[in-house]
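All remarks here apply to the structure that follows.
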C-alpha cells in the first residue's frame, strides 16, 4: 500500500453549511433511479488518473479533479486534460495562505481540509489550462442514502471523506469491495483519512474514483466510515430551467451566509 497516499485532514463542520435537501424545490429530495453511473450517462471515455496521489497526500484536490472532469463533460461535452502539475499546484497553494509560508515551504505535503478546500474552489482553480469554479456546495447526511444518490444523480457526483480502517487495505483493488470489518482492524480511521469522489451507485452501495481506479463499497461501509459528504452545484445558470434545484432560493441563502 506504499503507492496509496492519504491526505485528508479531520472533518470540520460549519453550522452555516447549506443542507442538501434545502437546495431543491419544495425543500424535498426528488426521486432518483435505483442505480446510476455518471460516466455511462455522459457517454464520454473519461480516464481515471492517479493525479499524483501515489506520491503526494493530495486526495482532496485529486477528488476535485475527478469531479471537474465530469462537470465539464456535461458542460462542454468533452474530456478536459487535467495534469498532475495542475493538481499539485492547487494542493500546494491551498496549504500556503501567505507569502512567507510560500517562501519557507514551496511544496508542503500536510493534507487539506475538505470544507476549506470547497470554499477555495468557489473562487476558482486552474484545470485543463482554464479557471473553473463552483457555485455552491451543500452538506449531505451520508446515512440518509437517498441524499448521496440524489447528489450523484442530480448534481453529477458527491464529494466525500472517509475514515479508512486498516481492513480496507486488503479490500482495495479490482473486484474488491470496501465493507465493514468487525475486528480491531475495522476501527474507523485506523488506516487514515481520505477524500474520495463518488461517481455512481447501485444496490450494493456507491462507487468512488480513487488512486486511479474505481472502488465499490457497501452502504454499511458508508454508514460506519464516512465522516463528511457534500453535493456540489457546479454552474448556477445550468440549473435555472427545468431543474429540481431552486436557484433563486439558493441565491438568497448564499447571500445570507456571505453577508
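The values are calculated or read from the model by the stated rules, or taken from the named source; none is laboratory data. Just so it is clear, the structure is predicted and the values come from calculations on it, not from any experiment. Here Cβ is always computed from backbone atoms with ideal geometry, including for glycine, and neighbour counts include all displayed protein chains.
For residue 86, the conditions (1) modelled with pLDDT of 95 or more; (2) touching a helix residue (DSSP H, G or I) at 6+ places or on another chain (Cβ under 6 Å) all hold with the exception of (2). Every listed requirement among (1) surrounded by 16 or more Cβ atoms within 10 Å (Cβ to Cβ); (2) within 28 Å of residue 16 (Cβ to Cβ); (3) in contact with a strand residue (DSSP E or B) (Cβ under 7 Å, 6 or more places away or on another chain) is met by residue 124 save one, (1).
If you go through region 180-217 and keep only what is out of contact with any strand residue (DSSP E or B) (no Cβ under 7 Å at 6 or more places or on another chain) and farther than 20 Å from residue 34 by Cα, you end up with 180, 181, 182, 183, 184, 185, 186, 187, 190, 211, 212, 213. Take residue 153 and tell me if it is outside any strand (DSSP E or B) and crowded, with 17+ Cβ neighbours inside 10 Å. The answer is yes for residue 153. Counting only residues that are surrounded by 13 or more Cβ atoms within 10 Å (Cβ to Cβ) and either assigned to a loop (DSSP other than H, G, I, E, B) or touching a helix residue (DSSP H, G or I) at 6+ places or on another chain (Cβ under 8 Å) (or both), region 36-53 holds 12 of them. Would it be correct to say that residue 166 is in contact with a helix residue (DSSP H, G or I) (Cβ under 9 Å, 6 or more places away or on another chain) and under 20 Å from residue 230 (Cα atoms)? So residue 166 does not fit the description; no.
For region 72-82, a residue qualifies if it is touching a helix residue (DSSP H, G or I) at 6+ places or on another chain (Cβ under 9 Å) and either assigned to a loop (DSSP other than H, G, I, E, B) or buried (at least 24 other Cβ atoms within 10 Å of the Cβ) (or both), and the qualifying residues are 77, 78, 79, 80, 82. Evaluated against (1) closer than 24 Å to residue 46 by Cα; (2) buried (at least 19 other Cβ atoms within 10 Å of the Cβ); (3) touching a residue at least 60 places away in the same chain (Cβ under 8 Å), residue 228 falls short on exactly one condition, (1). For region 231-243, a residue qualifies if it is over 17 Å from the mean Cα position of the chain (by Cα) and either assigned to a strand (DSSP E or B) or surrounded by fewer than 18 Cβ atoms within 10 Å (Cβ to Cβ) (or both), and the qualifying residues are 236, 237, 238, 240, 241, 242, 243. The residue that is farthest from the chain's Cα centre (by Cα), among those in region 168-211 that are in a loop (DSSP other than H, G, I, E, B) and under 25 Å from residue 116 (Cβ atoms), is 190.
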